[in-house]
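Worksheet: one structure, shown below.
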Amino acid sequence: MMVSSVNGKITRGDDPEVTHWTSPEDSALFKAFKKNFRLIVRGSKTYEASRKQLTLTKGTLNVVLTRNPDTYHDDAIPGRLEFTSESPKELISRLEKKGYKEMLLTGGSDINALFLQAGLINEIHLTIEPKIFGTGKNLFGELALEATLQLTDIKQMNDRGTLHLVYTVAPNL
Ligand SMILES: NC(=O)c1ccc[n+]([C@@H]2O[C@H](COP(=O)([O-])OP(=O)(O)OC[C@H]3O[C@@H](n4cnc5c(N)ncnc54)[C@H](OP(=O)(O)O)[C@@H]3O)[C@@H](O)[C@H]2O)c1
């Protein structure tokens, strides 16, 4: 689940704080949607950007991808907040064996690209704010990627024209 500008930027320039430009409707939707998941995965840069607002709910495992899990040793809370250098495939395979059936991926750009390239994203929930930013991170980082999507839902969330779109991702051929 992500929020972007009309031109696909998920950050406004160098500012890591997304809520500086996103709508209250999107923040509310994200907060509510997260409650449906027992497993939430994000990259370390996204973790750094959101760690102050991060609420660790009992029964929900938050996984952060980093090449240096030891750096975060003091932040880790087994079963609630874990850090790993596993590849997306290794991570999913391990967690499936533990009984997890669904995962919410919350970015950022680099981690989205890794999971899409590995064929591990099957649905995209994307809010598009009516903004254009000349610089900032893209929805997907620069990897060799191609995906075909099917729009399954679209809603206008406010009078300014914030849109929420849901796509399914066709399996990689
Ligand atoms: N608009 C939105 O919906 C939205 C959502 C999420 C995030 N964001 C914003 O996006 C920005 C972060 O995006 P980002 O693309 O810079 O970073 P990111 O995807 O959140 O995290 C990148 C980090 O993931 C780790 N990583 C990368 N490849 C890896 C691999 N193969 N194995 C294990 N770990 C790997 C590395 O961590 P280490 O450096 O620790 O090794 C890398 O620095 C933030 O500003 C955040 O606020 C926006």
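The values are calculated or read from the model by the stated rules, or taken from the named source; none is laboratory data. A quick note: this is a predicted structure, and the numbers were derived from the prediction, not measured. Neighbour counts run over all protein chains shown; Cβ positions are idealised from the backbone, glycine included.
Things to note:
- Exactly one residue among T148, T127, T135, T84 is out of contact with any strand residue (DSSP E or B) (no Cβ under 7 Å at 6 or more places or on another chain), among the β-branched types (V, I, T) and within 16 Å of the ligand (Cβ to nearest atom), and that residue is T135.
- Check on E90, within 30 Å of A170 (Cβ to Cβ) and either within 14 Å of the ligand (Cβ to nearest atom) or at pLDDT below 95 (or both): yes
- Meets criteria (farther than 21 Å from A28 by Cα and buried (at least 16 other Cβ atoms within 10 Å of the Cβ)) for N112: yes
- Scanning segment 119-137 for residues that are assigned to a loop (DSSP other than H, G, I, E, B) and either surrounded by fewer than 16 Cβ atoms within 10 Å (Cβ to Cβ) or in contact (Cβ under 8 Å) with a residue 60 or more places away in the chain (or both) yields G119, N122, E129, P130, K131, I132, F133, G134, T135, G136, K137.
- Some residue of segment 93-101 being out of contact with any Leu (no Cβ under 8 Å at 6 or more places or on another chain) and within 13 Å of the ligand (Cβ to nearest atom): no
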